[in-house]
């Protein structure tokens, strides 16, 4: 469901947010640091600072619904992956370099539109949690009339 | 941490950093989407722009709960606002303000009219919470340095600065000095280094730049149509506009344009040929109005992302009314002085003209169909200033006279000036500036009230073409 092109896009230079909702259908959300698209394209792993993961975990455990948005600051190209919660684990030290590299690439992209990277100097990246989702749908979100349309 | 007021989060509402909007459908599917701008409404409400019928909008129609996350561009602290949709506005001051901002940014990208604001969606803010994964940056030397270019400047419209500015304006007695004095005063009293002043042109719906300050290219004579760029949008709406984070806004507009790509829209792709910063992060445009008549448009620019406060906009709007009256008064004053001026001077070639022939002759061609003048094949000016220059040159050629009065131009039937509000002084000013920039061999020099000379540092060959 997530092809190679889209996988390359979401794993580099993008801001990532994960949205959930509680039982009263009130939305919640948190910033994520990185994502890994699994080889089958049908599952993704979203990496969040532990402090961020804690805020949405009750929703994921209660109803499993998630929406992950990806936006690249320099050109506002954006997409959204909907999914259902499968599992949560602590990110391993072998994953840390990739997580930091993806987040740094996002900060570099922000710098290209004039936002200093020092703005995010205290945004935590570790300890980090890995949330595995089964992909259920993919939508384009680049601003415009097609935003929200299923990605073909 | 105490719950902050919305007022204390003012910098979050400038569109400098993208916000994130979370909604949920009635059947429980969450949605996370980018958002270009969250607008402050009052101490308990914000507004989000509704431009497209997207999923977020459909969700809100069936489930009023929303969450928006906005990082503070000054500190890096993220804030989340728990929202409840209360309704939409399709007219009124809030709608106009949001719509004008979108129009101005789209126009700046040459995309005017493509992205319409359908509604300003109003949300009640139920709670404001700090986002723990986005804590504020520690204030260290590096961060201080970065912030120096981005931090919110202090308000600049102090009573003392206003007094200084007013005193400066009171001391001038002609339009040229007044316009220059306004732009210089904006820099020296308030620190606004880059500014431009435009007036309505002869052609309906066109503004002409008559003075600029702080740019390499002077830009006198640069034109902009009503509705184009910040000056054109301000003139059309007759309302002030303040834009921060223009670069982000332009990127957003361009992204939308790519998505909405339509070959028919290609004709809109152009850049406005006005002087200005390559990356004007902040702009403030103010219409100068007297009893509803547009006297001019004042535009201030800055490369700093959040240079102008909302209070600045209100105060400079007030200042704009004062400037508009000052400009109109001085025009009336100059005009009444013209009535008392003497008859046109006797034919004589002035000293500058007499010594003209040391430089190579220049060919001046007046194109009657376009009412424009080219000097040695290079465009100089068009419309009324072109007609005035042509008239002066032909009088000089036929009679040898180099000195003129405003009054004779007003009475000259070939110029066809309107009896009321002819704007002659601003046209002469524009012509003088344009000659200084593009053809310094020709010089219009004031010679007392309502009088001037046309000084030529070369011989001239005049040709008229269709």
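The values are calculated or read from the model by the stated rules, or taken from the named source; none is laboratory data. Quantities reported herein were computed from a predicted structural model and do not represent experimental measurements. So basically every Cβ, Gly included, is an ideal-geometry build from the backbone, and we count neighbours across all protein chains shown.
A few remarks follow.
- Residues that are in a loop (DSSP other than H, G, I, E, B) and at pLDDT 85 or above, drawn from the range B:186-203: B:192, B:193, B:201
- Any chance residue B:99 is more than 7 Å from every other protein chain (Cβ to nearest Cβ), part of a helix (DSSP H, G or I), within 28 Å of residue B:132 (Cα to Cα) and out of contact with any helix residue (DSSP H, G or I) (no Cβ under 7 Å at 6 or more places or on another chain): no
- Filter result for residue B:128 (more than 10 Å from chain A (Cβ to nearest Cβ), under 30 Å from residue B:47 (Cβ atoms) and at pLDDT below 65): no
- Residues in the range A:30-42 that are over 24 Å from residue A:111 (Cβ atoms) and at the interface with another protein chain (Cβ under 7 Å from one of its Cβ atoms): there are none.
- Failed condition for residue A:45, given (1) in a strand (DSSP E or B); (2) more than 25 Å from residue A:115 (Cβ to Cβ); (3) within 14 Å of chain B (Cβ to nearest Cβ): (3)
- In the range A:51-60, residue farthest from residue A:95 (Cα to Cα) [restricted to those that are at the interface with chain B (Cβ under 9 Å from one of its Cβ atoms) and either more than 14 Å from the chain's Cα centre (by Cα) or surrounded by fewer than 22 Cβ atoms within 10 Å (Cβ to Cβ) (or both)]: A:59
- Within the range B:212-238, the set of residues being outside any helix (DSSP H, G or I), at pLDDT below 80 and either touching a helix residue (DSSP H, G or I) at 6+ places or on another chain (Cβ under 7 Å) or crowded, with 22+ Cβ neighbours inside 10 Å (or both) comprises B:218, B:227, B:228.
- The range A:98-116, residues that are farther than 19 Å from residue A:77 by Cβ and surrounded by 17 or more Cβ atoms within 10 Å (Cβ to Cβ): A:99, A:116
- Any chance residue B:114 is within 14 Å of chain A (Cβ to nearest Cβ), under 30 Å from residue B:322 (Cα atoms) and either modelled with pLDDT under 80 or not in a strand (DSSP E or B) (or both): no
- Sole residue being assigned by TED's automatic domain parsing to the domain that holds residue B:362, more than 26 Å from the chain's Cα centre (by Cα), free of Cβ contacts under 8 Å to residues at least 12 places away in the same chain and surrounded by fewer than 19 Cβ atoms within 10 Å (Cβ to Cβ), chosen from B:393, B:415, B:411: B:411
- Residue B:50 meets the stated requirement of being modelled with pLDDT under 90 and within 19 Å of residue A:142 (Cβ to Cβ).
- Residue list for the range B:2-25, filter: within 14 Å of chain A (Cβ to nearest Cβ) and at pLDDT 80 or above: B:12, B:19, B:20, B:21, B:22, B:23, B:24, B:25
- Residue tally, condition outside any strand (DSSP E or B) and closer than 13 Å to residue B:439 by Cβ, over the range B:360-391: 5
- Filter result (more than 7 Å from chain B (Cβ to nearest Cβ), touching a strand residue (DSSP E or B) at 6+ places or on another chain (Cβ under 6 Å) and closer than 20 Å to residue A:110 by Cα) within the range A:61-73: A:70
- Test: residue in the range B:52-68 that is assigned to a loop (DSSP other than H, G, I, E, B), within 23 Å of residue B:240 (Cβ to Cβ), more than 9 Å from chain A (Cβ to nearest Cβ) and touching a strand residue (DSSP E or B) at 6+ places or on another chain (Cβ under 7 Å): no
- For the range A:74-102, the set of residues classified as in a helix (DSSP H, G or I) and away from chain B (no Cβ under 14 Å) consists of A:93, A:94, A:95, A:96, A:97, A:98, A:100, A:101, A:102, listed by residue number.
- Filtered residue count, the range A:119-138, keeping only those that are at the interface with chain B (Cβ under 7 Å from one of its Cβ atoms) and crowded, with 20+ Cβ neighbours inside 10 Å: 3
- Some residue of the range A:22-38 being touching a helix residue (DSSP H, G or I) at 6+ places or on another chain (Cβ under 7 Å) and either assigned to a helix (DSSP H, G or I) or surrounded by fewer than 18 Cβ atoms within 10 Å (Cβ to Cβ) (or both): yes
- Sole residue being modelled with pLDDT under 90 and surrounded by 13 or more Cβ atoms within 10 Å (Cβ to Cβ), chosen from B:352, B:360: B:352
- Going through (1) out of contact with any helix residue (DSSP H, G or I) (no Cβ under 9 Å at 6 or more places or on another chain); (2) modelled with pLDDT under 95 one by one, residue A:134 falls short only on (2).
- Scanning the range A:140-152 for residues that are more than 7 Å from chain B (Cβ to nearest Cβ) and under 30 Å from residue A:61 (Cβ atoms), we see that the one that is nearest to the chain's Cα centre (by Cα) is A:140.
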